[in-house]
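The values are calculated or read from the model by the stated rules, or taken from the named source; none is laboratory data. Note that the coordinates shown come from a computational prediction; the quantities given were computed from them, not determined experimentally. Glycine gets a Cβ as well: all are built from the backbone with ideal geometry, and neighbour counts include every protein chain shown.
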Amino acid sequence: MEYHEFSQEIKEPEFLLAQKIAKEIFGYMCTPEVSSKLTATHQVNAKSHQIQDIILPKCAELGLASEKKGLFSNHATPQLRPDYYISLNSTGLIMEVERGKTTTNNMDLLDIWKCHICEKADYLLLVVPVIRQTNNGGRTKIYEHVLKRVGSFFTEGNYVNVKGCFIIGYE
């Protein structure tokens, strides 16, 4: 398991709430029982919802709502929904769980964009594979790639309106 966080210079109280949730989910995913389930599930052709199902109990315990509707109703894409969402005082945290198409279909960048346009969320928690195996035996370093791409949005002078992003890498 891997964990990394990005933030803008100013850290509001909501950042600490989002950080606490991210670290609790990371801790849960690191437990031997959950970690072994993730490893057994994270195989070629697995789907992101299978990974979601493993971490759903912790998300529910923390109060994250699955497939929250209405967060994008003021945009041309009102049908968008995050995997999970929780309100944090005047803002919120969107959580997205990725598996096979994280970087090949730019899902990590779509997730940043979703949080960027969401008026009710300034924080993003991305759950991505550390390594993705392919059918032909190849291996892609997804987590490292996501860190490089997402990190570019947290360079002073290049900020989007996502105030913090927490990235968990699972194996």
| If a residue has to be touching a helix residue (DSSP H, G or I) at 6+ places or on another chain (Cβ under 8 Å), under 13 Å from ASP122 (Cβ atoms) and of a type in the set (Gly, Ala, Ser) to count, how many in the range 1-36 make the cut? | 1
| query | Under 8 Å by Cβ, and 6 or more places apart or on different chains, what pairs join a residue from the range 3-24 that is at negative phi with one that is of a type in the set (Val, Ile, Thr) and in a helix (DSSP H, G or I)? | reply | PHE6/VAL150
| Subset tally (residues that are of a type in the set (Ser, Thr, Tyr), at pLDDT below 95 and surrounded by fewer than 17 Cβ atoms within 10 Å (Cβ to Cβ)) for the range 4-59 | 2
| request: Go through the range 65-86 and give me each residue that's small (Gly, Ala, Ser) and either in a loop (DSSP other than H, G, I, E, B) or buried (at least 21 other Cβ atoms within 10 Å of the Cβ) (or both). | output: GLY70, SER73, ALA76
| query | For the range 96-132, what are the residues that are buried (at least 21 other Cβ atoms within 10 Å of the Cβ) and in contact (Cβ under 8 Å) with a residue 60 or more places away in the chain? | reply | ASP122, TYR123, LEU125, VAL127, PRO129
| message | Just to check your reading of the model, which residue among LEU62, LEU93 is surrounded by fewer than 21 Cβ atoms within 10 Å (Cβ to Cβ), in contact (Cβ under 8 Å) with a residue 24 or more places away in the chain and of a type outside the set (Gly, Ala, Ser)? | response | LEU62
| field | Residues of the range 41-72 satisfying the condition of being polar (S, T, N, Q) and under 15 Å from ILE94 (Cβ atoms) | value | SER48, GLN52, SER66
| Condition check for PHE166: in contact (Cβ under 8 Å) with a residue 40 or more places away in the chain, of a type outside the set (Val, Ile, Thr) and touching a Cys at 6+ places or on another chain (Cβ under 8 Å) | no
| said: Looking only at residues that are of a type in the set (Asp, Glu) and under 22 Å from LEU16 (Cα atoms) in the range 60-86, which one is modelled with the highest pLDDT? | reply: GLU61
| Restricting attention to the range 48-64, does a residue exist that is out of contact with any Leu (no Cβ under 9 Å at 6 or more places or on another chain), among the aliphatic types (A, V, I, L, M) and within 16 Å of LEU124 (Cβ to Cβ)? | yes
